[in-house]
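Data block below; observations after.
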Amino acid sequence: MAQDRHTLRQIVVQTIFAWEFHDGDPVQILSYNLVNGAPSVTDNTFGYRLLDLVMKNRKKIKEKIAKHAPEWPFEKIAPIDRAILELSVAELLFDKEIPDLVAINEGIELAKEFGTESSPKFVNGVLSSIYEKVKPA
């Protein structure tokens, strides 16, 4: 279950990344990515739910990222780091089922897998800042 969720997060990040470059229907891109990138995952509901969270809240997510990474204009953030942050912020702020620290940890793990050497530290910094400022103590 946890491994399937991680795999689905990977696929959603790839979908957001591809959608930003190629536009089109993000749900169709996700469907394609699931068939080709996660054929062993039998229940894809979590992946579709995550993508829906990102797409429905994209404006608020972008604002939070921009506010908590002020030295990096949103468009200047590496595209893969942006995709990871969009997913992680969606989970952190809008998904009541995912514990906050799980959302942060998953974002860092995705940054280690897909990003550059500095991506995990950057993603951790942005997510931790959002967590500290937005979530009550």
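The values are calculated or read from the model by the stated rules, or taken from the named source; none is laboratory data. For clarity, every value in this text was computed on a predicted model and none was experimentally measured. Cβ: placed from backbone, ideal geometry, glycine included. Neighbour counts: every protein chain shown.
Checked against (1) touching a residue at least 12 places away in the same chain (Cβ under 8 Å); (2) closer than 19 Å to F114 by Cα, N36 passes all but a single condition, namely (1). Looking only at residues in the range 86-128 that are of a type in the set (S, T, Y) and loosely packed, with under 15 Cβ neighbours inside 10 Å, which one is nearest to I65 (Cα to Cα)? Among those that are of a type in the set (S, T, Y) and loosely packed, with under 15 Cβ neighbours inside 10 Å, it is S128. Could you please let me know if A90 is under 18 Å from S129 (Cα atoms), touching a Pro at 6+ places or on another chain (Cβ under 8 Å) and in contact (Cβ under 8 Å) with a residue 24 or more places away in the chain? No, not satisfied.
Restricting the search to the range 50-73, which residues are basic (K, R), over 12 Å from the mean Cα position of the chain (by Cα) and farther than 17 Å from S128 by Cβ? Please lay out each step first, then the result.
Here is the first cut: in the range 50-73, the residues basic (K, R) are 56, 58-60, 62, 64, 67.
Going one step further and asking which of them are over 12 Å from the mean Cα position of the chain (by Cα), we end up with 56, 59-60, 64, 67.
Matches in the range 50-73: K56, K59, K60.
Residues that are under 22 Å from A111 (Cα atoms) and among the acidic types (D, E) within the range 11-64 comprise E20, D52, E63, listed in sequence order.
Yes/no per residue for (1) closer than 23 Å to P120 by Cβ; (2) at pLDDT 95 or above:
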site: H22; (1), (2): no, no
site: I29; (1), (2): no, yes
site: P39; (1), (2): no, no
site: L50; (1), (2): yes, yes
site: L87; (1), (2): yes, yes
site: E97; (1), (2): no, no
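Cβ-Cβ distances below 7 Å connect the following pairs, each with a first residue in the range 57-73 that is under 13 Å from S88 (Cβ atoms) and touching a residue at least 24 places away in the same chain (Cβ under 8 Å), a second residue that is hydroxyl-bearing (S, T, Y) and in a helix (DSSP H, G or I), and a separation of six or more residues or different chains: H68/S129. Taken together, the residues in the range 24-36 that are within 23 Å of E97 (Cβ to Cβ) and surrounded by 15 or more Cβ atoms within 10 Å (Cβ to Cβ) amount to 5.
Of all residues in the range 15-33, those satisfying the criterion of being in contact with a helix residue (DSSP H, G or I) (Cβ under 8 Å, 6 or more places away or on another chain), more than 18 Å from K56 (Cβ to Cβ) and either without any contact (Cβ under 8 Å) to a residue 24 or more places away in the chain or of a type in the set (A, V, I, L, M) (or both) are A18, H22, N33.
Residues that are surrounded by fewer than 16 Cβ atoms within 10 Å (Cβ to Cβ) and among the small types (G, A, S) do occur in the range 64-77.
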